[in-house]
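As structure tokens, the structure follows; a few thoughts come after it.
No value in this document is a laboratory result; all are computed from the given coordinates. In this text, all values refer to a predicted model and were calculated from it rather than measured experimentally. Cβ placement follows ideal geometry from the backbone for every residue including glycine, while neighbour counts extend to all protein chains displayed.
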Amino acid sequence: MAFHAGVPQPAAMDRGVSAYRVMKWTLFAVLVLVAPAPVVAFQSFLTGPVIFVLAQLLYMTVDIRPEGGVWHGQIIGYFAVHLVMYGALYYALAAGMARLVALAARPWVRAAALTALCFTALALAALPLYGGAGIYGGSRGSLFRFFAVLETTHFGPNAALKIYGPALAVLGALALWRLCRPRPGTR
């Protein structure tokens, strides 16, 4: 059995993709898309998924204010710090969970454990963990309610589609590129 970063790996995998890496990036993507991340935005406290923090950061970076200015650099930096902090935390959590799951000897046990972890993270979307004070509703609700409230803000109608659509497209493209790119030493 081969080892990668101290994690046992199956001897042969389709297209040379490491089971550990697939599990790690799958768990990371699920956490970024649905796991609640508390954000203190000066006078507002809200809890939303990290993908919302990224969407807000991108919005503030390209938005030209009606009064002729742009968003203050301190606010953009504040959201960037949240993004880096939660990105690193969720990456470490995903890597740790993938290491634990990779210890299972049988592939079906690893697949079942990965599926259970993903569904557990997705179940968070139904719990009243999202929302908060300020312009984002003032109360807590499910992730679906969080995006319903966002439709009344600058994200406008179909806020979830505007945030998750590009994110899922980019994640899917990255996954396809990683799976299909030629490996060194292979044809």
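Quick notes on this structure:
- Distance between the C-alpha centres of region 106-130 and region 72-89: 27 Å, rounded to the whole angstrom.
- Estimated translational D of region 16-180 in µm²/s (Stokes, Kirkwood radius over Cα pairs; 25 °C; 0.890 mPa s): 143 µm²/s
- Calculated FRET efficiency for the pair GLN74/PHE119, C-beta based, R₀ 41 Å, to 0.05: 0.55
- Peptide packing for 51-57, 82-88 was compared via the average number of neighbouring C-beta atoms within 10 Å per residue; ordered from the highest value, the list is 51-57, 82-88.
- Residue order, fewest to most surrounding Cβ atoms within 10 angstrom, among PHE45, PHE119, PHE79: PHE119, PHE45, PHE79
- Gain in span if fully extended, TYR91 to ALA148, counting 0.36 nm per residue against the direct Cα distance: 17.7 nm
- Ranked LYS24, LYS162, criterion: other C-beta atoms within 10 Å, fewest first: LYS162, LYS24
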